[in-house]
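What follows draws every value from the coordinates through simple rules; no lab data is involved. Keep in mind that what you see is a predicted model, and the values were worked out from it rather than measured. Heads up, the Cβs are rebuilt from the backbone with ideal geometry, glycines too, and the neighbour counts pull from every protein chain shown.
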Amino acid sequence: MTNNSTPRNPHHNRQIHPHHTQGGTHQERQDVERVTPEDSAREAASESPDAASVPPGGAEDAHDAIARLVAENVDLKDRLLRALADAENVRRRAERELNDMRQYAVTKFAGDMVNVADNLERAISSLPSELRGNAGPFKTFVAGVELTEKELLRSLEAHGVKKLDPTGSRFDPHLHEAMFQVQDPSVPSGTVTTVVQPGYTIGSRSLRPAKVGVAS
């Protein structure tokens, strides 16, 4: 039996749209050409997690932190200098107190010894001048007492105790005690003219004020 039907073209069902295909290709080419390197960089930067933008107040916060650290540094430096100054003051005060203790530790003992010196001086002055000048036992006695007094004064001076003889000097209320006033136009007013009892100093302090008469 003969088949009179028209042979089927294998390409009969394939639909070709040349205009559509060509137009689509042209449009895609235009889209590709419109993408510039700047656009690609912006897109990559926007998608990158490491490209986070700095907050607007970040610079101000950093500036405040630096200013705060500088202020703390200045404060700590000031505290250190004050601590060093206080330590130096304590050291100097301790050294001064130690020197004062060494210098004035014998104050009470020296006060007792000056009374002995006074008694030796009274013993010498109580002898009549004619007896002190004559040869014999009185002269030897006087010489021995005078030598003892000088040795005592020298020992006291070795420990910072000095005898005062303010005759002719200006009256000093820190070192002298005025017992009376005398009229003496030959010297300025306030001048010590008479010493009733000698005074003593220990270091820079008065151990015992000298009892004096002052010109008015």
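Remarks
- Qualifying lysines (Cα of each under 19 Å from Cα of residue 139; at least 8 residues distant if same chain): 150
- One Cα centroid belongs to the stretch 131-162, the other to the stretch 195-209; the line between them spans 20 Å.
- Order of 114, 182 - criterion: other Cβ atoms within 10 Å of each residue's Cβ, fewest first: 182, 114
- For the stretch 161-216: rounded, prolate or oblate by the Cα gyration tensor [a/c cutoff 1.5]: prolate
- Cα gyration tensor shape of the stretch 83-211, rounded if a/c is under 1.5, else prolate or oblate by comparing a/b with b/c: oblate
- Summary of packing: across the peptides 145-152, 69-76, the per-residue average of other C-beta atoms within 10 Å ranks them, highest first, as 145-152, 69-76.
- In order along the stretch 201-213, the phi-based Karplus estimate (6.51 cos²θ - 1.76 cosθ + 1.60, θ = phi - 60°) of 3J(HN,Hα) comes to 10, 10, x, 9, 9, 8, 7, 7, x, 7, 8, 9, x Hz; Gly and Pro are listed as x.
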